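Student: Could you have a look at this structure, given as structure tokens, before my questions?
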Amino acid sequence: MSQRELTILGSSAQTPTRERNHNGYLLRWDREQIVFDPGEGTQRQLLLAGRSASKITRICVTHFHGDHCLGLPGLIQRLNLDRAKGPVHVYFPVEGTPYFENLRGAAAFHEGTSLKVVPWADGATDPGPAFTLSARTLQHRIPTLGWRIEEPPRRHLLPDRLAEFGLEGPVVGNLQREGVVEVHGRRITIEQVSETRPGQRFAFIMDTALCDAAFELAADADLVVCEATYLTGDEGLARRYQHLTAAQAGRIAAEAGARRLVLTHFSQRYPDPGQFAAEANEFFDDVVLAQDLQTVAVPPRRNATPSGASR
Ligand SMILES: [Zn+2]
């Protein structure tokens, strides 16, 4: 099983339906497990998806409309009950702090797992060794942040080139540390025996009208999760309530150079969700129509960019 994958916990806008839970997503990214927008019922959906709450490392809330946050009280208490190691980072738009505090204190419990509460504004970033998490303000009726995860590019040694230059043993370590070595009077640089592989990128775009930030979040992303509340026939409603249509989500993915698009957050007014995929497919090929409890892989890494200057 891939170490980087998204599990859909819920995919319905506004209210749960018979087929779809309130919003909720779990991104597994190596050792991290990040929950996005825990709607009502998230705790049970985790159970049904076979995911353990105690492994959650971060929670990101785009905004405080109920379908994006009403699962927080249960989820926070579950972290405590399961003795999650923590600290669990919780990120949300700074203007939503009173709502967060209300939800956190919605019922009596003993708070053992430490939460690192991180109220954020547009452009905030949290750089880490594995990836940088960043936020951009989206265009919705209340303050809303979209999220982006970006892994730094990595250099990989190429065994055939090392062999070609006759490099083996401790000298390879020296080359990695110093960037250059001299062997038998010949100068060899790290660029000659390696290539740079781009890091992977993930974007989470929820509840917004079409805006520049949505395109910026999705730029060159391997996996984009994007709301598609409406179909094009109801574009007027989308504009009025500051949501996206499936076609607009497809446009964002295409123009941003993304690789895979997960459509979700569907209005229950439409009986046939297949139409969402059809509309997005007008602009973009790799479209996944979210279904609850489905797991979507982050596509494999992009091809490497050779960095050897000369051979
Ligand atoms: Zn909303």
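The values are calculated or read from the model by the stated rules, or taken from the named source; none is laboratory data. Nothing here was measured: the structure is a model prediction, and the numbers come from that model. A quick note on method: Cβ atoms are made from the backbone with ideal geometry, for glycine too, and the neighbour counts reach across all protein chains shown. Remember, those area values only see protein heavy atoms, side chains included, never the ligands or the DNA or RNA. Shrake-Rupley method; radii C 1.70, N 1.55, O 1.52, S 1.80 Å.
Student: Between rounded, prolate and oblate, where does the range 1-157 land on the alpha carbon gyration tensor, with a ≥ b ≥ c its root eigenvalues, rounded for a/c under 1.5, else prolate if a/b exceeds b/c?
Tutor: rounded
Student: If you don't mind, there's one more thing I want to ask. Among DSSP beta bridges whose residues both lie in the chain, state the antiparallel percentage, nearest 5.
Tutor: Rounded to the nearest five, the antiparallel share is 60 percent.
Student: Further question on the same structure: Quick one: grab the alpha carbon gyration tensor of the range 39-96, order the square roots of its eigenvalues as a ≥ b ≥ c, and give me rounded if a/c is under 1.5, else prolate or oblate depending on whether a/b is larger than b/c.
Tutor: Because a/c hits 1.5 or more and a/b fails to exceed b/c, the range 39-96 counts as oblate.
Student: Also, quick follow-up: For residue 250, what is the net charge nearby, where nearby means another residue's Cβ is under 11 Å from its Cβ and Lys, Arg count +1, Asp, Glu -1?
Tutor: -4
Student: Also, quick follow-up: Keeping all protein chains in place, calculate the accessible area per residue for the chain (probe 1.4 angstrom), answer in Å².
Tutor: 46
Student: Okay, next question. Of the beta bridges DSSP finds with both residues in the range 1-90, what % are antiparallel, to the nearest 5?
Tutor: Percentage antiparallel, nearest 5: 65.
Student: Out of the total accessible area of the range 223-311 (probe 1.4 Å, heavy atoms of protein only), what percent is carbon and sulfur?
Tutor: Exposed carbon and sulfur together represent 45 percent of the surface.
Student: Kirkwood Rh, the chain, all Cα pairs: how many Å?
Tutor: Kirkwood hydrodynamic radius for the chain: 20.7 Å.
Student: Might you work out the accessible area of residue 94 for me, using a 1.4 Å probe with all protein chains in place, and round it to the nearest 10 Å²?
Tutor: Its heavy atoms expose roughly 70 Å² to the probe.
Student: As a check on your grasp of the helix formula, calculate [θ] at 222 nm for the chain: sum -39500 (n - 2.57) over DSSP H runs of n ≥ 4, divide by the residue count, round to the nearest 500.
Tutor: Mean residue ellipticity, 222 nm, calculated: -6000 deg cm²/dmol.
Student: Carbon and sulfur atoms: what percent of the 1.4 Å accessible area of the range 1-125 do they account for?
Tutor: Accessible surface attributable to carbon and sulfur in the range 1-125 totals 49 percent.
Student: Under 1.5 on a/c is rounded, so check that first for the range 80-162, then, if it is not, pick prolate when a/b is larger than b/c and oblate when it is not; a ≥ b ≥ c are the square roots of the alpha carbon gyration tensor eigenvalues.
Tutor: Note, shape of the range 80-162 comes out oblate.
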